[in-house]
Structure formats: C-alpha cells, structure tokens
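*Asks:* Please read through the structure below; I'll follow up with questions.
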Amino acid sequence: MAYRSILAPELFQDQTIIVTGGGSGIGRCCAHELASLGAHVVITGRKAEKLEATVAEIREDGGNADFEAFDIRQEEDVAAAIERIVAARGRIHGLVNNAGGQYPTPLEAISKKGWEAVVASNLTGGFLVARECFKQIMQAQGGAIVNIIADMWNGMPGMGHSGAARAGMLNFTETAATEWASAGVRVNAVAPGYIASSGMDHYDPDFARKVIPKLSRLAPMQRMGEEAEVSSAICWLLSEGAAFVTGSCIKVDGGSSLGIKAFELEAHDRAPRYEGFHRARRPKALDVDR
C-alpha cells in the first residue's frame, strides 16, 4: 500500500521540508504524505529511536527522509541543527512546526515549572525553529512555514497552559507573516480539533479512558478527525496553490470550535471521512467500534 494523497503527484519533488515532532502522530503522518509527494523530509524530535523508525517506514515506501534529534527548546541546539540541514540539503523549502505536548490539569494545579515547560514546547520552541529557518536560509531564498496549534478558541479548560501557548503561536504566525512577506516567506497555521492520533496514548490512562471516547460527540460532524485530514491541509498550505495565503489559520476540527451552546447537536453517522494514511495507528483509548 502507499499513501493516498489527494494532492498532485510530485507536488514537492526535490524540495526539502522539515517536520518537527515527526516521529509520531500528526507529524509522522505529514512526513509520510510529503515524502509520497516527492519531498525530501527531515523529521526532528528528541528521541532518535522514534525518528529512525519513521524514516525507515518512509524509505520502505520509496520516499526520501532523514532525521535530526534535538530539543526545540534549546536555542543553540536548534541553530546547530538547522545549520546542519542547510549544509546537507542546500535549501529548506518548507517547515512544519508540529512538535509540542501538554498534560491535562486545572489552572490552579499548574506549577510555574509545568507552565513554562508547556509554553516552551508549544510556543518558544516553534519560534526558535522558525526564526533559525528564516535567518539561515529563507530570508534569502523564500519558503513556507505552517505552525500547528490547537482548538483553543473560547479557552482551553483543563489545559490552560497549552491554550495560552497555542494562542501565542497563532499571534506569532500573524506577526511573522507580516514581517517576513518581503522575503517571499509565507507563514500560516493549522488548528486540529479532536484527532484520532497516537499522541492520545501519552495521556494518563484514567483520563484517556474516561474522556477521549466522548470527544467524538462534541463536534457537529459527530466523529473524531483522522491524521490524514490534518496533513492534507498542511500540505496544501505548503504548496504553490496557497501562494497568496499567509497569516491564515485553517481549523480542522469538524466544527468543534463553533462554540455551539443553545443548539443541541444531533447524533449521526453521515460525516464524510478521508483515510489517506496507510500506516495510521489508532489510539488505544479508541479501541471501540466507531
């Protein structure tokens, strides 16, 4: 089997695209799709083992990929990694700022250390990677950046640290789109809603068992999203078809961000679904019938 992308074959032929957090979840899916469309993908993360496994998958499928293991929160490590990628590839055409993470807890229980760790992962790290890509190569040769945020509209109760960081990343996206446009750099964002991703398996088992199976009923589409449905939006924003799109955010959330309160959502099973990722892994918390 191969990735069933809706986009044109060879769309990113011979382009170099970085995907942070590319060893699992949405990042892994996006790396596969980009490689299937001809890109040479460089995935990044902190754990080399996960990155090696994803690179092996991509190569087995006939794609081109490498990895760089580093912590996006460490400024010097980020600068050095981008320098190595530029030296090896000559250019960086695109960046998918996907790496991040959070844990569920109420605001009053979040320590300063916990707050700063989540903000560093979901905001500061993304800024550092984007800044280095811009300074080291994109300022001279242009490029496209897509920042992955979240459904944090109307607040993010239970994950306030992540909501604040993601909101900051959206504002960073808009600011960078303005400041970097004269260099031929486009900067956009994608905000996934509740996505059936392997990242859900990192949550506390009790939380995952009680909360995650209920999420499909919180959106008008009455289901959870697929990783491929997020990846297709990311890939389009990176493509020449989105050449006049910058400073924008695409919500891939089945309508969950609409904040519907007075209208009771009707249960149904009529929502269309796109399952293009041939190596998708369903979260253990969703090992129930759809």
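*Asks:* Using alpha-carbon pairs under 8 Å, 6+ residues apart, how would you state the relative contact order of the chain in percent?
*Replies:* Details: 572 pairs, mean separation 55.3, N = 290.
RCO, the chain: 19 percent.
*Asks:* Using only the Cα atoms, what convex hull volume per residue in Å³ does segment 16-286 have? Mind showing how you got there, number by number?
*Replies:* Values: hull volume 35.8 nm³, N = 271.
In segment 16-286, the Cα hull volume divided by residue count equals 132 Å³.
*Asks:* For Y103 and K214, what does the FRET efficiency come to when R0 = 25 Å and r is the distance between their Cβ atoms, rounded to the nearest 0.05? Provide the component values of the computation, followed by the final result.
*Replies:* On the way: r = 18 Å, r/R0 = 0.74.
Calculated transfer efficiency: 0.85.
*Asks:* Can you tell which of A167, A79, A140 shows the greatest fluctuation in a Gaussian network model of the chain with Cα springs below 10 Å?
*Replies:* Comparing A167, A79, A140 in the GNM, the peak value goes to A140.
*Asks:* Next up: Taking neighbour Cβ counts within 10 Å as the exposure measure, how do R186, R89 sort from fewest upward?
*Replies:* On the way: R186 24, R89 17.
With the sparsest Cβ surroundings first, the list reads R89, R186.
*Asks:* Ranking K112, K251 by Cβ neighbours within 10 Å, fewest first, what do you get? Don't skip to the end; give the middle numbers.
*Replies:* Values: K112 7, K251 18.
The order, fewest Cβ neighbours first, is K112, K251.
*Asks:* Turning to a different aspect of this structure: Quick one: Cα centre-to-centre distance for segment 98-157 and segment 61-94, in angstrom?
*Replies:* Rounded to whole Å, the Cα centres lie 18 Å apart.
*Asks:* Stretched out fully, how many nm does the piece from A262 to Q141 gain, at 0.36 nm a residue minus the Cα gap? Before the final figure, lay out each step's value.
*Replies:* Details: separation 121, 0.36 × 121 = 43.56 nm, distance 4.97 nm.
So the chain would gain 38.6 nm between A262 and Q141.
*Asks:* Moving to a separate point now. Please give the charge dipole size of the chain, origin at the Cα centre, charges +1 on K and R Cβ atoms and -1 on D and E Cβ atoms. Round to the nearest 20 debye. Don't skip to the end; give the middle numbers.
*Replies:* Values: 30 positive and 35 negative charges, 87 e Å.
Roughly 420 debye, rounded to the nearest 20.
*Asks:* Can you compute log10 of I(q)/I(0) for segment 165-255 with the Debye formula, treating each Cα as one identical point scatterer, at q = 0.10, 0.14, 0.18, 0.20 Å⁻¹?
*Replies:* -0.34, -0.62, -0.88, -0.99
*Asks:* Among DSSP beta bridges whose residues both lie in segment 131-290, state the antiparallel percentage, nearest 5. Kindly include the intermediate steps, with their values, before the conclusion.
*Replies:* Details: 0 of 11 bridges.
The antiparallel fraction comes to roughly 0 percent.
*Asks:* With a Förster radius of 25 Å, plug the Cβ-Cβ distance of T175 and E75 into 1/(1 + (r/R0)^6) and report the FRET value to the nearest 0.05. Provide the component values of the computation, followed by the final result.
*Replies:* On the way: r = 19 Å, r/R0 = 0.77.
The value I calculate is 0.85.
*Asks:* In debye to the nearest 20, how big a dipole does segment 238-290 give about its Cα centre with +1 on each Lys and Arg Cβ and -1 on each Asp and Glu Cβ? Could the numbers behind the result be given before it?
*Replies:* On the way: 9 positive and 8 negative charges, 47 e Å.
Dipole about the Cα centre, nearest 20: 220 debye.
*Asks:* List D14, D77 from most exposed to least, where exposure is judged by having the fewest other Cβ atoms within 10 Å.
*Replies:* Numbers: D14 11, D77 16.
By the 10 Å Cβ count, ascending, the order reads D14, D77.
*Asks:* Also, I was wondering about something else. Which is the longest part of the chain that has none of the chymotrypsin sites (Phe, Trp or Tyr not before Pro) sitting in a DSSP loop with at most 10 other Cβ atoms within 10 Å? Don't jump to the answer; show the numbers that get you there.
*Replies:* Values: sites that count: F244, F263.
Excluding the exposed sites themselves, the longest stretch runs over 1-243.
*Asks:* Given the Cα-Cα distance of I6 and K112 and 0.36 nm per residue of separation, how much length would full extension add, in nm? All intermediate terms of the calculation are to be shown ahead of the outcome.
*Replies:* On the way: separation 106, 0.36 × 106 = 38.16 nm, distance 4.37 nm.
Here the answer is 33.8 nm.
*Asks:* If you don't mind, there's one more thing I want to ask. Pulled fully out, how much extra length does the chain show between E240 and R59, if you take 0.36 nm times their separation in residues and subtract their Cα-Cα distance? Could you put the intermediate results ahead of the total?
*Replies:* On the way: separation 181, 0.36 × 181 = 65.16 nm, distance 2.53 nm.
Net length gain for the segment: 62.6 nm.
*Asks:* Percent of Cα-Cα pairs more than 26 Å apart in segment 80-234, please.
*Replies:* Details: 3928 of 11935 pairs.
Tail of P(r) above 26 Å: 33 percent of Cα pairs.
*Asks:* What fraction, in whole percent, of alpha-carbon pairs in segment 203-273 exceed 16 Å separation?
*Replies:* Working: 1522 of 2485 pairs.
Tail of the P(r) past 16 Å holds 61 percent of the pairs.
*Asks:* Quick one: if you stick a label point 7 Å off each Cα along the C-beta vector at R91 and E275, how many nm between them?
*Replies:* Computed distance between label sites R91 and E275 equals 3.8 nm.
Every number in this text was worked out from the coordinates using simple rules, so none of it is lab data. Bear in mind that the values here come from a model prediction, so they are computed numbers and not experimental data. Here Cβ is always computed from backbone atoms with ideal geometry, including for glycine, and neighbour counts include all displayed protein chains.
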